[in-house]
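Structure first, commentary second.
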Amino acid sequence: MVFGTLPLNDGKQIPAIAFGTGSIYKGTDVSKLVHQALDAGFWHIDTAQFYATEVYVGQVIRESGLARSELYVTTKYGQGNVREVLDKSLSDLGLTYVDLYLIHQPRFVHDIDTVWREFEIIKKEGKAKSIGVSNFDVDQLQQLALTHLVVPAVNQIELHPYNYAQKKSVIDWAAQNGVVIEAYSSLSSITKFPGGPVDAPVAAAAVRLGITPTQVLLSWVRAKGAVIVTTTSSKQRLEEYLAVGVLPALSEADIAAIDEAGAKGPPAARILGYAINLDGMKRLAAKLVLILTVQLITLLWVNNVMGDAMLHGE
């Protein structure tokens, strides 16, 4: 296996790269993609209740013929009764336990403390070997650490050069408290925000090392000590991702240049485009409200006139 593992605070190990089944693949049959990922050399598969892909991941696990010890499976709790949700996930996956179980999104959980207590019991019972969270900020992490026996093993977050400055406090807290960061959407400077300031230092590192910009960005994630969570439908891309496991590390100068460029933010045109789209939606909503208001006033006026006419026998 070209990618090794990272130690968790509960004594377990987590593979340093995972194949994700969310993103654009939510609610779709990902069986071919997961088969392809396993064939390429991935052995950590990331899914979730919200993705609606667990049943397809389970199908591939059964068809793969791989021993349970040869796979690392992460899934995530979204909402509902914790035990019922986990039992459904395990049934769909065809497993008796998951290697890692995460609270997917804190804003969708009414009572995080109660849910985390259930997670602690689930871990003790062995239905999840490790437990963690996703998309948690420092305050939410501190709350769990201060009020519960088990500190999350993992916090899975969106992480790329353009949001690194905003996420640094979470990353620093995690490092100080033995929590591993998992990073998703790490290629955003290529896929969502091309043409920005990060492109230049990434391209320079790629040329110097003889690797691709994608590999530079994934190496940057590794330099931050994070587990890579990525996805693709391309076999060639999978091979490109996995090759990062044997590439030389980025230099400190490379990392600093990418950090500095990322702190400048993504391309203004891209941000403006999002703002225009949002502003356009707001204007459309305002127009609809105005039209409906005028129609309502007209209807009330007509009813009033008709009522007066009937009252006066007109």
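The values are calculated or read from the model by the stated rules, or taken from the named source; none is laboratory data. Quick caveat: nothing in here was measured; it's all calculated off a predicted structure. Side chains are part of the model used for accessible areas, which takes the heavy atoms of the whole protein and leaves out ligands, DNA and RNA. Shrake-Rupley method; radii C 1.70, N 1.55, O 1.52, S 1.80 Å.
For the range 122-258, what does the alpha-carbon gyration tensor say about shape, rounded, prolate or oblate, given a ≥ b ≥ c as the root eigenvalues, a/c under 1.5 as rounded, and a/b over b/c as prolate? It is prolate, given that a/c is not under 1.5 and a/b is the larger ratio. For the chain, the mean residue ellipticity at 222 nm estimated from helices alone is -16000 deg cm²/dmol, where every DSSP H run of n ≥ 4 contributes -39500 (n - 2.57) and the total is divided by all residues, rounded to the nearest 500. Taking amide H atoms as placed 1.01 Å from N in the peptide plane, the amide H of THR53 lies under 5 Å from those of GLY27, ALA48, each 5 or more residues away in sequence or on another chain. Taking N as the residue count of the range 47-123, its C-alpha radius of gyration divided by 2.2 N^0.38 Å amounts to 1.10.
Using the alpha carbon gyration tensor of the range 191-246, what are the three equivalent-ellipsoid semi-axes (square root of 5 times each eigenvalue), largest first, in whole Å?
Numbers: eigenvalues 62, 37, 31 Å².
They are 18, 14, 12 Å, listed from largest to smallest.
Entry for the chain at q = 0.07, 0.09, 0.15 Å⁻¹: log10 I(q)/I(0) = -0.35, -0.53, -1.23, Debye formula applied to identical alpha-carbon scatterers, no solvent contribution. Taking only the alpha carbons of the range 31-70, we obtain Rg and Dmax values of 9.7, 26 Å in that order.
Amide H contacts under 5 Å for VAL180: ASN9, VAL154, ASN155, restricted to partners 5 or more places along the chain or on a different chain, H placed in the peptide plane at 1.01 Å from N.
The Cα atoms of the range 159-235 define a convex hull whose projected area, averaged across directions, is 5.6 nm².
Decide, for the range 1-96, between rounded, prolate and oblate: order the square roots of the alpha carbon gyration tensor eigenvalues as a ≥ b ≥ c, take rounded if a/c falls under 1.5, and otherwise choose prolate if a/b is larger than b/c, else oblate.
Details: a/c = 1.58, a/b = 1.17, b/c = 1.35.
Taking the square roots of the gyration eigenvalues as a ≥ b ≥ c, the range 1-96 is oblate.
Computed from backbone phi with θ = phi - 60° and the Karplus coefficients 6.51, -1.76 and 1.60, the 3J(HN,Hα) list for the range 149-165 is 6, 9, 7, x, 6, 9, 10, 8, 9, 6, 8, 8, x, 7, 10, 4, 4 Hz; x is used for glycine and proline. Across the protein chains, with a 1.4 Å probe defining accessible surface, the residues PHE119, PHE193, PHE50 rank PHE50, PHE193, PHE119 from largest area downward.
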